[in-house]
Amino acid sequence: MWLVYTLATTLLWGLAELFYKKGAVEREKYSHLKICVAVGAVMGLHAVYTLLTGDFTYDPMNLIVYLPVSACYILSMAFSFFGMRFIEESISDPIENTSGALCALLCMVFLGEAISLPVGIAILIITVGVVGVGYLENSGDHLRQKRLGKKLAVIAFCMPFLYAFIDAVGCVLDIYFLEMETSPLIGVTEESIELVANVSYELSFAIVGLVMYIFMKLKGEKFGGLIKQKDKALAAVCETAGQLTYVYAMSDNGAIAAPIISSVCVVSLVLSRIFLKEKLSKKQYAFIFIIIVGVLMLAVIEGE
């Protein structure tokens with residue numbers, strides 16, 4: 001069953017990226033905040049369901065204890081949602097997937113972990129791809145700069161990089177929080193520690209979503225409910241469902257599951273080309289392919 005869960009996770013997260021992009025409407029000023037509201041609502045419902053049906057004890061103080069990790073993940077996703085309004089998914093998603101490489105570097109710097117030669121090569125490959133995409137994006141005559149203005153175009157292009165860095169910081173913190181020997185989480189066991197962390201994250205996202213909803217109400221912006229925000233709601237459902245299948249995929253055969261799930265950036269690239277009709281230059285596709293090769297290479301190495 002682990003393979004079914006692995007393939008389901010890859011497909012669900014690929015679909016989530018597609019619907020995120022469809023929901024991030026460029027002309028809609030608060031579309032990125034509306035996505036946060038949708039994700040917060042679905043994650044909040046899932047957290048409540050987990051608390052009611054799960055065979056574990058949850059101390060509400062863990063919501064605060066786990067907040068540094070939750071804040072990193074939520075903030076990184078908020079930056080991603082904003083960037084999606086202006087940047088092609090074919091470009092942003094591979095860049096965002098470099099967070100694994102950044103996490104490895106941060107673990108080396110702050111946790112004293114050694115990086116093997118193959119990992120170093122994978123990181124170098126990713127760096128070449130990212131630098132190449134950045135060079136092509138910020139040189140020459142670009143339609144995005146003409147449409148948005150140079151300042152907004154540069155800010156938008158920075159969003160996937162901010163996502164990658166902040167998400168990597170969250171991953172490093174997660175390593176600390178999910179180790180029983182070091183975890184500050186309250187009342188957890190080996191069996192419940194991941195559930196407690198996930199519920200804390202989902203409840204935090206629900207609170208952020210509620211705050212964003214109130215903010216938009218005060219601004220006179222109508223949300224319209226999840227039914228009217230179909231793409232945003234579908235993205236949130238796929239994200240949360242993928243998170244659930246991910247746990248089962250990794251718990252049984254994580255060494256093989258991790259590299260397969262990392263191919264979500266390939267799924268996203270294909271779906272964006274088919275359904276969003278995104279077209280990039282041959283040079284852009286070449287450097288994006290280099291990034292994907294590095295990401296998959298790193299996933300395989302880390303999964304061994």
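The values are calculated or read from the model by the stated rules, or taken from the named source; none is laboratory data. Keep in mind that this is a model prediction, so the values were computed, not measured. Neighbour counts run over all protein chains shown; Cβ positions are idealised from the backbone, glycine included. Areas reflect the complete protein model, heavy atoms only, side chains present, ligands, DNA and RNA absent. Shrake-Rupley method; radii C 1.70, N 1.55, O 1.52, S 1.80 Å.
Data for the structure
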read-out: Criterion: open to solvent by less than 10 Å² (accessible area, probe 1.4 Å), assigned to a helix (DSSP H, G or I) and more than 12 Å from V295 (Cβ to Cβ) - qualifying residue of I91, I95, I121; value: I91
read-out: D55 at pLDDT below 95 and either open to solvent by 40 Å² or more (accessible area, probe 1.4 Å) or acidic (D, E) (or both); value: yes
read-out: Residue match in the stretch 153-166 (condition: open to solvent by 50 Å² or more (accessible area, probe 1.4 Å) and either modelled with pLDDT under 85 or not in a helix (DSSP H, G or I) (or both)); value: no
read-out: Complete set of residues in the stretch 173-194 that are more than 18 Å from Y246 (Cβ to Cβ) and among the small types (G, A, S); value: S183, G187
read-out: Odd one out for G242, checked against (1) touching a residue at least 60 places away in the same chain (Cβ under 8 Å); (2) over 19 Å from V25 (Cβ atoms); (3) open to solvent by 30 Å² or more (accessible area, probe 1.4 Å); value: (3)
read-out: Condition check for V247: assigned to a helix (DSSP H, G or I), surrounded by fewer than 21 Cβ atoms within 10 Å (Cβ to Cβ) and free of Cβ contacts under 8 Å to residues at least 60 places away in the same chain; value: yes
read-out: Any chance F205 is open to solvent by 80 Å² or more (accessible area, probe 1.4 Å), among the aromatic types (F, W, Y) and part of a helix (DSSP H, G or I); value: no
read-out: Selection count, the stretch 285-304, where residues are touching a Gly at 6+ places or on another chain (Cβ under 9 Å) and modelled with pLDDT of 85 or more; value: 10
read-out: Looking only at the stretch 174-188, and only at residues there that are among the acidic types (D, E) and surrounded by fewer than 15 Cβ atoms within 10 Å (Cβ to Cβ), the one that is nearest to the chain's Cα centre (by Cα); value: E179
read-out: Residues of the stretch 19-43 satisfying the condition of being in contact with a Leu (Cβ under 7 Å, 6 or more places away or on another chain) and open to solvent by 10 Å² or more (accessible area, probe 1.4 Å); value: F19, K21, A41
read-out: One residue from Y49, Y73 being free of Cβ contacts under 8 Å to residues at least 24 places away in the same chain and part of a helix (DSSP H, G or I); value: Y49
